[in-house]
1. Taking the alpha-carbon distance from Lys96 and a cut-off under 18 Å, which aspartates and glutamates remain once sequence neighbours fewer than 8 residues away in the same chain are dropped?
2. Quickly work out the Thr57-to-Asp103 label distance, labels modelled 7 Å from Cα along the C-beta direction, and quote it in nm with one decimal.
3. Please state the relative contact order of the chain as a whole percent: Cα pairs under 8 Å, 6+ residues apart?
4. Relative to the compact globular guide of 2.2 N^0.38 Å, what is the alpha carbon radius of gyration of region 37-90, as a ratio?
5. Taking the Cα centre of the chain as the origin, how large is its charge dipole in debye, to the nearest 20, when only Lys and Arg (+1) and Asp and Glu (-1) carry charge on their Cβ atoms?
6. Using only the alpha-carbon atoms of the chain, report the extent along each of the three principal axes, biggest first, to the nearest angstrom.
7. Normalised by the number of residues in region 3-67, what is the relative contact order in percent for Cα pairs under 8 Å and 6+ residues apart?
8. With a 1.4 Å probe and all protein chains left in place, how much accessible area per residue does the chain have, in Å²?
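The values are calculated or read from the model by the stated rules, or taken from the named source; none is laboratory data. These figures come from a predicted structure and were not determined experimentally. Methodologically, a virtual Cβ is constructed for each residue, glycine included, from the backbone with ideal geometry; neighbour enumeration extends over all protein chains shown. Surface areas here come from the heavy atoms of the whole protein model, side chains and all, with no ligands, DNA or RNA. Shrake-Rupley method; radii C 1.70, N 1.55, O 1.52, S 1.80 Å.
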Amino acid sequence: QVQLVESGGGLVQPGGSLRLSCTASGITFRIYDMGWYRQAPGKQRELVAAITGGFSTYYADSVKGRVTISRDNTKNMVYLQMNSLKPEDTAVYYCKGLSFPRDYWGQGTQVTVSS
């Protein structure tokens, strides 16, 4: 049974930081490309950052310079360090694992940036 479980979301003030974690089980984690997506109310889900099995990274322009994605293949975990958070970063953040043709999603974790 494949599971992706996110944690680390919460309420943070503008300018603050959060570290999201995603723990994977039931997959050969090291071969999966991992991504963090987010979906704000009334908006489409969008890719925030991704890291391949070879540790190449991608960042959306909206978060570049404020966000770092990393992975630990020994723990089957992927992380999203978010700094200088803005109210527009408020969304449900989802972890996704992809090894074509299979992809799996976590249940999401809420991030709210508000004073």
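1. Glu6, Asp33, Glu46, Asp72
2. So the two model labels end up 2.2 nm from each other.
3. Worked out over the chain, it gives 37 percent.
4. Taking the Cα Rg and dividing by 2.2 N^0.38 Å, one obtains 1.20.
5. 80
6. 40, 25, 23
7. Relative contact order comes out at 21 percent.
8. Using a 1.4 Å probe on heavy atoms only, each residue of the chain averages 54 Å².
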